[in-house]
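Trainee: I'd like to ask you about the structure that follows.
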């Protein structure tokens with residue numbers, strides 16, 4: 001079988017920590033061919049989606065990653081596509097998932113492109129509020145600081161959603177005992 005791993009640059013994988021590395025190692029051990037591409041290497045012509053890929057071999061010994069010569073493949077002719085891109089889930093990432101929507105009926109996409117778009121990790125959790133701490137998503141700095149002022153400081157955390165690019169004050173604020181709020185929101189106080 002031929003598997004495409006759409007991900008960040010392969011050289012950044014940590015062999016002892018990266019799940020994608022383990023997926024590749026397992027696929028190789030079973031005789032499958034692994035291919036690597038970064039999202040910018042994907043393009044479509046009509047409904048046909050292509051990628052400039054490189055065969056990839058992973059090893060527990062150095063060098064941990066070996067990439068072969070580039071080739072252009074039609075993604076729908078592969079057996080599976082593993083979408084392994086790390087955050088941020090920005091506009092180019094959204095475009096990638098829309099391109100992969102064009103072929104998901106013809107080849108297995110792990111994870112489903114639409115699910116990746118629709119289940120935005122910060123916002124999708126609100127479907128399960130009974131299992132999570134009190135959480136606020138807001139763009140208004142005053143509202144974020146108002147919630148941050150409630151409860152003990154050691155029980156709060158704040159982090160930007162969308163990598164903090166949408167607006168500096170867009171925040172995901174929650175109450176947790178094990179995290180302290182980052183200083184970056186202090187500029188609004």
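Trainee: Might you let me know whether segment 22-33 holds any residue that is in a strand (DSSP E or B) and farther than 23 Å from residue 119 by Cβ?
Mentor: Of all residues in segment 22-33, those in a strand (DSSP E or B) come to 33.
From the residues that got through so far, the ones that are farther than 23 Å from residue 119 by Cβ too are 33.
The answer is yes, given that some residue of segment 22-33 is in a strand (DSSP E or B) and farther than 23 Å from residue 119 by Cβ.
Trainee: Kindly establish whether residue 114 is touching a helix residue (DSSP H, G or I) at 6+ places or on another chain (Cβ under 8 Å), in the same structural domain as residue 8 (by TED's automatic domain parsing), within 29 Å of residue 1 (Cα to Cα) and assigned to a helix (DSSP H, G or I). Show your work before the answer.
Mentor: Working: touching a helix residue (DSSP H, G or I) at 6+ places or on another chain (Cβ under 8 Å): yes; in the same structural domain as residue 8 (by TED's automatic domain parsing): yes; within 29 Å of residue 1 (Cα to Cα): yes; assigned to a helix (DSSP H, G or I): yes.
Yes: the conditions hold for residue 114.
Trainee: As an exercise: evaluate residue 85 against (1) touching a strand residue (DSSP E or B) at 6+ places or on another chain (Cβ under 9 Å); (2) touching a residue at least 24 places away in the same chain (Cβ under 8 Å); (3) closer than 18 Å to residue 119 by Cβ; (4) not in a loop (DSSP other than H, G, I, E, B) and give the number of the one condition it does not meet.
Mentor: Evaluating residue 85 over (1) touching a strand residue (DSSP E or B) at 6+ places or on another chain (Cβ under 9 Å); (2) touching a residue at least 24 places away in the same chain (Cβ under 8 Å); (3) closer than 18 Å to residue 119 by Cβ; (4) not in a loop (DSSP other than H, G, I, E, B) leaves (4) as the failure.
Trainee: Would you say residue 13 is in contact with a strand residue (DSSP E or B) (Cβ under 8 Å, 6 or more places away or on another chain) and loosely packed, with under 15 Cβ neighbours inside 10 Å? Can you show your working first?
Mentor: Working: in contact with a strand residue (DSSP E or B) (Cβ under 8 Å, 6 or more places away or on another chain): yes; loosely packed, with under 15 Cβ neighbours inside 10 Å: no.
No; evaluated as a whole, the condition is false for this residue.
Trainee: Also: Residues in segment 38-65 that are touching a helix residue (DSSP H, G or I) at 6+ places or on another chain (Cβ under 9 Å) and closer than 24 Å to residue 18 by Cα: how many?
Mentor: Of the residues in segment 38-65, 15 are touching a helix residue (DSSP H, G or I) at 6+ places or on another chain (Cβ under 9 Å) and closer than 24 Å to residue 18 by Cα.
The values are calculated or read from the model by the stated rules, or taken from the named source; none is laboratory data. In this text, all values refer to a predicted model and were calculated from it rather than measured experimentally. Methodologically, a virtual Cβ is constructed for each residue, glycine included, from the backbone with ideal geometry; neighbour enumeration extends over all protein chains shown.
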